[in-house]
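We did not get these values from a lab; they are worked out from the coordinates using the rules stated. All values reported here derive from a predicted model rather than from experimental measurement. Cβ placement follows ideal geometry from the backbone for every residue including glycine, while neighbour counts extend to all protein chains displayed.
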Amino acid sequence: KAKKYYTNYDIALEDPNIDAVIVATPDFLHKEPVIKSIKAGKHVLCEKPLATNVDDAYEIVKESELNNVKLMVGFEQRFNPIFVKLKQVIDEGEIGTPLIANLSILDTIFVPTKMLKWAEKTSPAYFLLSHGVDLVRWFFCDEVNKVYAKSNSVILKNKGINTEDFLVSIIHFKKGGVALFETSWILPEAMPRTSTGPILRIIGSEGYITVEMFNQGITICSKDKYYFPNVLRSTSLYGRIIGFLTEEINHFIRCIVENKEPICTGKDGLAVTQIISAMHESARKEKPIRINPLV
């Protein structure tokens with residue numbers, strides 16, 4: 001149990017014993033609590049996406065720099081042992097120069113219709129694909145300069161939820177790399193959620209990588225449930241909670257204690273928001289959008 005709790009975070013931010021804050025509000029409600037925390041001198045771990053528009057993300061990053069606090073964005077997949085290994089393989093040149101990436105991250109219609117009351121305030125791109133965009137940008141060590149995307153809104157709109165059913169996109173990197181993305185959250189509710197991704201393929205100048213996060217080698221079928229437990233993300237090991245979610249928080253704490261820069265910074269969050277914002281603009285205008293990276 002927590003030793004102390006608050007029902008008003010403004011009062012909590014006045015507590016000098018609080019060094020850091022985790023902001024896990026809905027996607028579109030990050031800016032106010034993050035900036036208030038920063039101005040109060042607190043280090044911040046903000047759930048992804050950093051913001052759902054570029055102006056908010058840029059303001060958050062600038063405030064963190066002005067106030068000299070740590071700002072980390074919750075791109076949890078950077079702590080997934082599978083993707084950490086992939087990053088190592090790519091950085092060591094085992095597949096040569098990354099040329100093409102193809103990433104799919106999907107979810108079931110349970111998410112926008114039942115899990116989230118605020119689905120129409122976000123999108124499958126912000127809610128799901130932000131992980132994939134961050135991973136590919138991290139793997140390629142490059143910035144995006146052009147985006148083309150297509151989306152559609154039929155199934156959810158017919159249910160009274162005004163947001164996209166899916167989005168597909170092609171992004172171009174400055175050094176010539178290309179990535180193709182697919183995201184959707186209208187799969188049948190009967191599908192076990194862990195089976196929905198991400199699926200990743202990267203073709204390099206001298207090699208090839210593929211990752212399928214289908215069931216992590218575990219399938220459980222009980223009397224009334226069929227599922228794949230996500231043991232990499234979080235599980236209990238003899239009374240201790242382990243997994244890459246725990247590693248993410250531990251990393252944030254170490255960065256504060258040891259005065260180090262987080263592995264996923266506010267600028268990484270800004271870059272992802274800028275890319276996804278351009279995807280939505282491209283889908284809206286039905287044309288490619290050029291990006292001048294702000295990071």
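Quick notes
- Taken as a whole, the structure places Asn230 among residues that are closer than 18 Å to Leu128 by Cβ, part of a loop (DSSP other than H, G, I, E, B) and polar (S, T, N, Q).
- Set Val84, Val136, Val61: member being out of contact with any strand residue (DSSP E or B) (no Cβ under 6 Å at 6 or more places or on another chain), surrounded by 19 or more Cβ atoms within 10 Å (Cβ to Cβ) and among the hydrophobic types (A, V, I, L, M, F, W, C): Val61
- Considering residues of segment 64-81 that are of a type outside the set (Gly, Ala, Ser) and touching a strand residue (DSSP E or B) at 6+ places or on another chain (Cβ under 6 Å) only, the residue farthest from Leu128 (Cα to Cα): Val69
- Members of segment 17-64 that are farther than 23 Å from Ile276 by Cα and assigned to a helix (DSSP H, G or I): Lys36, Ser37, Ile38, Lys39
- Subset of segment 65-85 (residues that are over 17 Å from Val23 (Cα atoms) and in a helix (DSSP H, G or I)): Glu65, Leu66, Asn67, Gln77, Arg78, Phe79, Pro81, Ile82, Phe83, Val84, Lys85
- Of the residues making up segment 101-127, those that are hydroxyl-bearing (Ser, Thr, Tyr) and in a helix (DSSP H, G or I) number 2.
- Figure legend. Inter-residue proximity from segment 240-255: first residues in contact (Cβ under 8 Å) with a residue 24 or more places away in the chain and basic (Lys, Arg), second residues surrounded by 14 or more Cβ atoms within 10 Å (Cβ to Cβ) and not in a helix (DSSP H, G or I), beta-carbon distance below 8 Å, spacing 6+ or different chains. No pairs are indicated.
- If only residues of segment 232-284 that are of a type in the set (Gly, Ala, Ser) and crowded, with 17+ Cβ neighbours inside 10 Å are counted, the one that is farthest from Asp55 (Cα to Cα) is Gly243.
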